[in-house]
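Every read-out reported here was derived from the displayed coordinates using simple, explicitly stated rules and does not represent laboratory data. This structure is a prediction, so every number in the text was calculated from the model and none was measured. Using ideal geometry, Cβ is built from the backbone for each residue, glycine included, and neighbour counts are taken over all protein chains shown.
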Amino acid sequence: MTPSSVVVIGGGLSGISASLECARAGATVTLVESRGRLGGAAYSFMREGISADNGQHVFLRCCTEYRRLLGDLNAEDCVTLQPRLEIPVLAPGGRRAWLRRSGLPAPLHLAGALARYGLLSVADRGRVALAMAALRRVDPDDPAADGISFGAWLTQHGQSSAAIDTIWDLIARPTLNLTPADASLAQAAQVFRVGLLENSCAADIGYARVPLSEIHDRAAREALARAGVDVHLRAGVTGVTPESDGFRVDVNGAPPLRPRAVILAVPADRLARLIPAEAGLSAQTLHGLGTSPIVNLHVVFDRRVTELTFAAGVDTPVQWFFDRTASGGVERGQYLAISLSAAEAELPMTAEELRHRYLTALGELVPAARHAEVVKFFVTREHAATFRAAPGARALRPAPRTRLPGLALAGAFTDTGWPATMEGAVRSGLAAAREILRLVAGAGTARSEPSRPAELAGSVR
């Protein structure tokens with residue numbers, strides 16, 4: 001055992017970030033991952049000749065640490081980022097609106113878009129503006145704000161059901177993976193304040209131009225190798241035991257590892273099985289975070305049906321769709337991915353039921369889809385895609401530091417202040433690495449705390 005050895009358990013974005021940060025500071029790092037790939041919940045796969053992502057993962061300009069990770073992976077050319085926020089919003093009957101930001105400072109940058117948002121009455125638009133001003137005054141770190149639902153707060157602030165459906169849900173559902181009625185006010189306030197209300201360019205949308213695994217697996221492996229991290233795939237950890245001079249990490253089918261420090265960067269349910277009792281975190285607390293599902297529908301048409309690269313839907317079951325033709329390797333026709341967050345109702349539906357409901361609904365938004373032949377259709381389901389950012393969840397989210405010196409936690413469910421996003425995962429890995437580096441590598445070589453996006457000059461699952 002070397003004096004500064006660290007084992008990172010889990011090869012998702014949090015584990016990748018933690019490993020790179022520890023290696024950068026001079027630690028000897030081993031990353032073990034039970035699957036045969038890196039990337040965790042943000043990956044791609046082959047199905048019926050298509051390279052498909054498990055879900056549509058987007059990021060915003062305010063996702064400073066995820067964007068910095070892309071630089072570390074030499075993968076900045078693999079993504080695209082809007083020069084200025086522009087969201088087409090479609091409704092049945094040919095109705096369309098745009099959410100565009102101007103060059104004015106926040107929050108005035110959205111005033112024009114809201115004033116022209118024809119899917120809401122003039123009176124509702126005025127009440128939305130007042131509620132956004134009030135939301136800026138909500139402290140995301142206030143336990144009282146975490147104790148009530150965003151939906152209840154919206155109702156108290158005069159928001160009609162139409163306003164909730166066509167404005168608030170449009171942003172809250174894909175970022176929180178919950179409806180406003182089910183989400184914590186504190187978590188919603190963090191999303192809207194950081195993403196929309198404090199910096200004019202924070203919400204510009206970015207997404208991968210290539211299959212996700214090209215970034216989070218292939219490019220990540222190369223970056224980890226350059227950093228000197230020893231990566232072991234298909235290496236399931238069966239136990240973590242504290243010892244007098246560090247830890248024993250038992251790996252299925254391999255000799256145990258004995259590092260000075262451990263970062264557990266695994267999902268909450270697996271953490272509940274692995275974490276030593278001495279760490280002071282109960283399985284009951286972790287299970288209390290709950291889960292929320294995401295369902296994605298993958299549709300290939302025999303021809304192009306829309307020129308939009310993505311769009312949101314209102315007054316329709318279709319929440320968001322994205323054109324993934326190029327990244328999916330589809331040479332003829334068009335490949336659209338329909339992303340459904342907070343998908344409890346859709347989770348038990350059969351593929352045929354989903355096909356009938358959503359292709360009919362898509363045709364009401366994109367008329368050309370009614371006349372196109374569906375060449376391929378399949379469904380992917382993430383039963384436990386994220387934790388539930390419900391009222392009271394903040395108190396259950398564990399900190400990176402545990403009661404065991406040398407054992408730290410990472411994962412989007414940990415207490416980063418962010419929802420379960422790629423940015424939250426990366427920030428959790430950096431926070432865990434800083435805890436470990438104080439012990440084994442010296443905090444002076446660690447990267448400084450991530451800056452608040454609102455402090456940026458000038459910047460979605």
- Note on the structure: Footprinting proxy, Ser19, Ser327, Ser5: sorted fewest to most Cβ within 10 Å, the residues are Ser5, Ser327, Ser19
- Ranked by Cβ crowding within 10 angstrom, fewest neighbours first, how are Glu214, Glu346 ordered? Glu214, Glu346
- Note on the structure: Scoring only Lys, Arg, Asp and Glu (+1, +1, -1, -1) among other residues with Cβ under 14 Å from the Cβ of Gln82 yields +4
- Do you know the relative contact order of the range 99-200, to the nearest whole percent, from alpha carbon pairs under 8 angstrom that are 6+ apart? 37 percent
- Mind pulling the per residue volume of the convex hull built on the Cα atoms of the chain? Å³ is fine. 135 Å³
- For the range 195-344, count the residues as N, evaluate 2.2 N^0.38 Å, and divide the Cα radius of gyration by that value, please. 1.47
- Determine the shape class of the range 70-114: with a ≥ b ≥ c the square roots of the Cα gyration tensor eigenvalues, call it rounded for a/c under 1.5, and otherwise prolate if a/b is greater than b/c, oblate otherwise. oblate
- Item | Stokes-Einstein diffusion coefficient of the range 99-200, Kirkwood radius over Cα pairs, 37 °C, 0.692 mPa s, in µm²/s | 242 µm²/s
- Note on the structure: Quick shape check on the range 208-289: root eigenvalues a ≥ b ≥ c of the Cα gyration tensor, a/c under 1.5 is rounded, otherwise prolate if a/b tops b/c, else oblate, and it reads oblate
- Note on the structure: With only helices counted (DSSP H, runs n ≥ 4, each -39500 (n - 2.57)), the per-residue ellipticity at 222 nm for the chain, to the nearest 500, works out to -7500 deg cm²/dmol
- Message: Return the Rg/Rh ratio of the range 95-141 with Cα-based radii and a Kirkwood Rh.
- Response: 1.02
- Using the Karplus equation 6.51 cos²θ - 1.76 cosθ + 1.60 (θ = phi - 60°), what ³J(HN,Hα) coupling, rounded to whole Hz, does each residue of the range 103-117 give in order, writing x for Gly and Pro? x, 6, x, 5, x, 5, 5, 9, 4, x, 4, 5, 4, 9, 7
- Relative compactness, the range 297-337, computed as alpha-carbon Rg over 2.2 N^0.38 Å: 1.14
- Return Met349, Met422, Met132, Met46 ranked ascending by Cβ neighbour count within 10 Å, so the fewest neighbours appear first. Met46, Met349, Met132, Met422
- Note on the structure: Once Lys and Arg are counted +1 and Asp and Glu -1 for all other residues with Cβ under 11 Å from that of Ala106, the total becomes +2
- Query: Can you give the three extents of the C-alpha atoms in the range 250-310 along their principal axes, from longest to shortest, in whole Å?
  - Reply: 58, 32, 19
